[in-house]
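Written out below as structure tokens is the structure these notes cover.
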Amino acid sequence: MKKETAMATLYVASTETFVGKSATCVGLLDRARRDGFTAGYMKPVSVSVTRTEDATIDEDAAFIRKHFGLAEPLDKMAPVLVTQRVVESIIRGQGVDFARRLNEAYLSVSRDKDIMILEGANHWAEGSLVELSADQVSDMLQAPVLLISRYRPKVALDAILAVQRYLGDRLLGVLINGV
């Protein structure tokens with residue numbers, strides 16, 4: 001897919017859950033807006049979905065949409081929700097073209113934006129079932145990656161180096177959180 005609308009796109013990913021991806025996205029969006037940029041947000045793939053009375057949503061995307069007063073519909077900001085129903089459909093061989101859904105949502109949300117901040121799923125491999133793991137999403141949307149990792153002596157380095165080996169120059173940097 002060729003990016004046509006966003007001046008810059010950044011994919012914020014991690015190798016594990018609860019390392020501060022959402023907080024990092026909020027900080028990046030806030031800074032971009034203060035610097036005068038039109039910034040958009042998207043969580044391409046979510047496996048941490050919540051049911052409400054009206055819909056199934058991603059809470060991170062819902063929070064960021066409300067916090068920044070973003071106009072885009074929530075189903076475009078979080079276009080691929082991996083629910084139990086989706087898993088069962090895939091097991092039965094009833095696949096959906098999730099890459100196409102993501103691509104269309106990205107083009108819609110990124111329209112007229114200077115910067116797009118994309119929040120990754122809980123960890124690097126999530127989304128593999130729908131062929132949209134972090135590396136696949138960053139490839140598809142040609143988005144460089146900022147990797148968030150929790151501070152741990154030695155242990156975290158293996159995961160970081162594995163991601164770096166795969167991404168090469170597309171890995172812009174690593175934010176070590178919780179030092």
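As a check on your grasp of the helix formula, calculate [θ] at 222 nm for the chain: sum -39500 (n - 2.57) over DSSP H runs of n ≥ 4, divide by the residue count, round to the nearest 500. Roughly -11500 deg cm²/dmol at 222 nm, from the helical runs in the chain.
Residues considered: Q94, Q164, Q136. Largest GNM mean-square fluctuation over the chain, using C-alpha springs under 10 Å, is found at Q94. Given a 1.4 Å probe and the protein chains as shown, I57 ends up with an accessible area of around 40 Å². Here the chain has 51 percent of its accessible surface on carbon and sulfur atoms, given a 1.4 Å probe and all protein chains in place. Annotation: amide H-H contacts under 5 Å for L175 (H modelled 1.01 Å from N, sequence separation of 5 or more, or interchain): L147, I148, S149.
Bridge orientation summary for the chain: considering DSSP beta bridges with both residues in this region, about 10 percent are antiparallel. Lysine pair count for the chain with Cα-Cα distance under 24 Å and sequence separation of 8 or more or different chains is 18. Rolling a 1.4 Å probe across the protein heavy atoms gives the chain an accessible surface of 53 Å² per residue. Electrostatic tally near S14: other residues with Cβ closer than 11 Å to its Cβ, Lys and Arg +1, Asp and Glu -1, net -1.
Placing pseudo-labels 7 Å out from each Cα toward the beta carbon at S128 and Q94 gives an inter-label distance of 2.6 nm.
For the range 41-105, applying the loop criterion from DSSP together with a ceiling of 11 other beta carbons within 10 Å to the GluC sites (Glu not before Pro) yields E53.
The values are calculated or read from the model by the stated rules, or taken from the named source; none is laboratory data. From a predicted model like this one, the values you see are computed outputs, not experimental measurements. Heads up, the Cβs are rebuilt from the backbone with ideal geometry, glycines too, and the neighbour counts pull from every protein chain shown. The protein model used for the area step is the full one, side chains on, heavy atoms only, and it has no ligands, DNA or RNA in it. Shrake-Rupley method; radii C 1.70, N 1.55, O 1.52, S 1.80 Å.
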